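These notes concern the structure reproduced below.
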Amino acid sequence: DLQYRVAANPQPPETTMYRLPALAALLGFLALAGCGGGGGGGSADASGGATVGIALTDAPTTDYDEALATITSIELLGNGAPVTLFQGEETVDLLKLADYAELFTVAEDVPPGVYAKIRLRVTALRLIDRDEAGDILADVDADLVANGKLDLNPRGPFTLTAGDTVVISLDFDVAKSLKVTTTGNGRVIVRPVIFVDILPTGPLGKLARVHGTVDAVAGDGSFRLCQTALVAQGEVDADLGPRQRCLRVTTDAATGVFGTDGLPQLAPLVVGDRVTVIGRLAPLPADDGQNADADRFSLLAFVVESGPLGTYARLRGTATTVVD
């Protein structure tokens, strides 16, 4: 039903400013020690800065069933000191991102300036293949060099000014990355392929999924959603802590709202409901008069699934009949 609804909607206008495959050749073993921090440099706390959201997505592959990447930092590199957008430790299954984008983190008050690179640090990449019963057939710890430091180069430098809101999409292509080379001593080497999209306006070209709690409901069918977990982690009770952010969700007559039983939900959403929203992610302008809560991102909802993560199963297959 979701695929049919999306196909019936026109594609959003092209808003990508920069796109370039950033190919990192990773040829050695990743030392797990000393990989966590983004090092010194500036942090995203300067007054009157920009807001930057990082979205993760992936292209589909059939080589493995899980690709567990542990991300410890994301930085912007320009003429000055590196600016940290994320620092911590999050493990996401990249292959769960094959048909949607995940809002991974949001950094506010990013210092205005000209930036040329995005530095991503990945401390581990675990590849798992399972049989039809779910039992593990292969479990590979891929090797990464340079402490997992990946410098991603957009097509050219980009400028952030005070009040800007942008989405930077990091599009992993695990299918192209998995040209796995196995050395004589059994070490596995992976060459990651990551595309960079920078969107200052308009919706992200790929559907986004955001899970969280309804924080406020408006009379026009819109509501405020505060993200509480990453869908790509699949943890029912995950807590983003201080990284929790809120978005404005808008609906229309075509939006499907479904209850925990999988049937259309007739009762309206209320504050405190846990939902997963599938729709188009876009920046909100800083001077939006309706944006009383100072939320900087919106989500045009196609489908709203009520319940905690895991309420809805995601199945991949081939449609053998027309849609009823």
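Each of the peptides 131-139, 192-200 was scored by the mean count of other Cβ atoms within 10 Å over its residues; in descending order, highest first, they stand as 192-200, 131-139. Computed from the Cβ-Cβ distance with R0 of 41 Å, the FRET efficiency linking A81 to A313 stands at 0.35. Accessible area per residue was computed with a 1.4 Å probe on protein heavy atoms; K176 scores about 100 Å².
Taking amide H positions as modeled 1.01 Å from N, with prolines and chain starts lacking one, the residues under 5 Å from Y100 and 5 or more places away or on another chain are D58.
May I ask you to compute the full-extension gain from A253 to D131, defined as 0.36 nm times their residue separation minus their alpha-carbon distance, rounded to one decimal in nm? Walk me through the numbers on the way to the answer.
Values: separation 122, 0.36 × 122 = 43.92 nm, distance 4.14 nm.
Here the segment from A253 to D131 would lengthen by 39.8 nm.
The values are calculated or read from the model by the stated rules, or taken from the named source; none is laboratory data. The model shown is predicted, which means the values in this text are computed figures rather than measured ones. Here Cβ is always computed from backbone atoms with ideal geometry, including for glycine, and neighbour counts include all displayed protein chains. The protein model used for the area step is the full one, side chains on, heavy atoms only, and it has no ligands, DNA or RNA in it. Shrake-Rupley method; radii C 1.70, N 1.55, O 1.52, S 1.80 Å.
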